[in-house]
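Everything on this sheet refers to the single structure shown next.
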Amino acid sequence: MVLAQLGGSISRAIQQMSNATIIDEKVLNECLNEITRALLQADVQFKLVREMQTNIKKIVNLDDLAAGHNKRRIIQQAIFNELCKMLDPGKPSFTPKKGKPSVIMFVGLQGSGKTTTCTKYAYYHQKKGWKPALVCADTFRAGAFDQLKQNATKAKIPFYGSYTESDPVRIAVEGVETFKKENCDLIIVDTSGRHKQEAALFEEMRQVSEATNPDLVIFVMDSSIGQAAFDQAQAFKQSVSVGAVIVTKMDGHAKGGGALSAVAATKSPVIFIGTGEHMDEFEVFDVKPFVSRLLG
Ligand code: GDP
């Protein structure tokens, strides 16, 4: 189920409820069950879906709503608010300031789109007059530096990395220092996404983070990973202080529910979404317009 389908299913459930002559407990339950089914099919975590259902029922207490109340509107609003709440952890992420050096560390599994997203993020800010720079601290994957170098060169963004140095912490620190001296205001550190053992990957993330002291750690997640999103996001959050999420490949046949789970696991907002392989296929993510669009 792609996101548009999820939105369609939820809208239909709301429409059916609205068409009922009288909105009673049974009609409301049917509507909520339909929405629950749609969310579960879109890979949203069961616990989150249950919470949403309970919250809506708490807000929409049909017995307490006098006859004059517009029950349809109240229910619709409650559903909209709960969907927004699932995507909004309630506190904004760190926002870098132009002209003041910020270190942004990217983490995520290999294949999530991390390296591509680092360049997109840099390019997005460069177009707005920032002075970004890219550091390749992925010494594990052969070819990682070449990929970042290629992307950076195409976008005319300065980069730092090494073909011979095997210590990611050292490269990260050197890269950050170099670009601070060059007055770059957005120093982006790309990290490894894979290791021989998972524990080693998380330990490496912890060390890179400790050594570079990033202002923001962004967790990059492929939108198609579905139910696995919660555990994956939580595992990164336990090693480094993830402060924002970027969901990639939203142009594909993603189920989309993973994004909701990643927000829940990291208690961090989604700040951008990737919508294609190209550098400018990258959008700022805003919860309310997104949910409005989702619901059509
Ligand atoms: P990394 O291993 O996490 O660094 O992932 P890469 O940046 O190498 O990306 C893996 C693949 O996903 C590449 O083929 C990218 O072109 C592709 N990719 C990244 N972001 C997006 C996106 O938003 N949409 C699509 N369709 N492909 C993407």
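The values are calculated or read from the model by the stated rules, or taken from the named source; none is laboratory data. As the structure is a prediction and not an experimental result, all values here were calculated from the model. All Cβ positions, glycine included, derive from the backbone under ideal geometry; neighbour counts span all protein chains shown. Only protein heavy atoms, including side chains, enter the accessible area calculation; ligands, DNA and RNA are left aside. Shrake-Rupley method; radii C 1.70, N 1.55, O 1.52, S 1.80 Å.
What the table below lists for this structure:
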{"read-out": "Relative counts (whole %) of C-alpha pair distances in region 45-180, using bins that are 5 Å wide", "value": "2, 8, 14, 14, 12, 8, 7, 7, 8, 7, 6, 3, 3, 1, 0"}
{"read-out": "Binned Cα-Cα distances of region 184-296, short to long, each 10 Å bin given as a whole percent", "value": "13, 43, 34, 9, 1"}
{"read-out": "Surface per residue (accessible, 1.4 Å probe) for region 10-72, Å²", "value": "59 Å²"}
{"read-out": "Separation in nanometres of the label points that stand 7 Å from Cα toward Cβ, at Lys26 and Asp167", "value": "7.2 nm"}
{"read-out": "Region 19-90 and region 272-296: distance between their alpha carbon centers, rounded to Å", "value": "24 Å"}
{"read-out": "The chain - percent of accessible surface contributed by carbon and sulfur, probe 1.4 Å", "value": "49 percent"}
{"read-out": "Kirkwood hydrodynamic radius (C-alpha pairs) into Stokes-Einstein, region 130-263, 25 °C and 0.890 mPa s, D in µm²/s", "value": "157 µm²/s"}
{"read-out": "Per-residue [θ]222 nm for the chain (sum of -39500 (n - 2.57) over DSSP H runs n ≥ 4, rounded to 500)", "value": "-16000 deg cm²/dmol"}
{"read-out": "Inter-label distance for Lys57 and Lys180, nm, one decimal - labels placed 7 Å from Cα along Cα-to-Cβ", "value": "5.4 nm"}
{"read-out": "Approximate spin-label separation Lys288-Arg73, in nm, with each point projected 7 Å along Cα-to-Cβ", "value": "1.7 nm"}
{"read-out": "Average silhouette area of region 107-154, convex hull of alpha-carbon atoms, in square nanometres", "value": "3.3 nm²"}
{"read-out": "Per DSSP, loop trypsin sites (Lys or Arg not before Pro) in region 79-111 with at most 15 further Cβ within 10 Å", "value": "Lys97, Lys98"}
{"read-out": "Förster radius 22 Å - calculated FRET efficiency between Asp251 and Arg141, Cβ distance, rounded to 0.05", "value": "0.35"}
{"read-out": "Distance from region 207-227 to region 103-162 (C-alpha centre basis), Å", "value": "13 Å"}
{"read-out": "Spherically averaged projected area of region 1-104 from its Cα convex hull (nm²)", "value": "9.3 nm²"}
{"read-out": "Accessible surface, per residue, of region 167-296 when the full set of protein chains is kept, probe 1.4 Å, Å²", "value": "43 Å²"}
{"read-out": "Gyration tensor verdict on the chain (Cα atoms; rounded if a/c is under 1.5, prolate if a/b is larger than b/c, oblate otherwise)", "value": "prolate"}
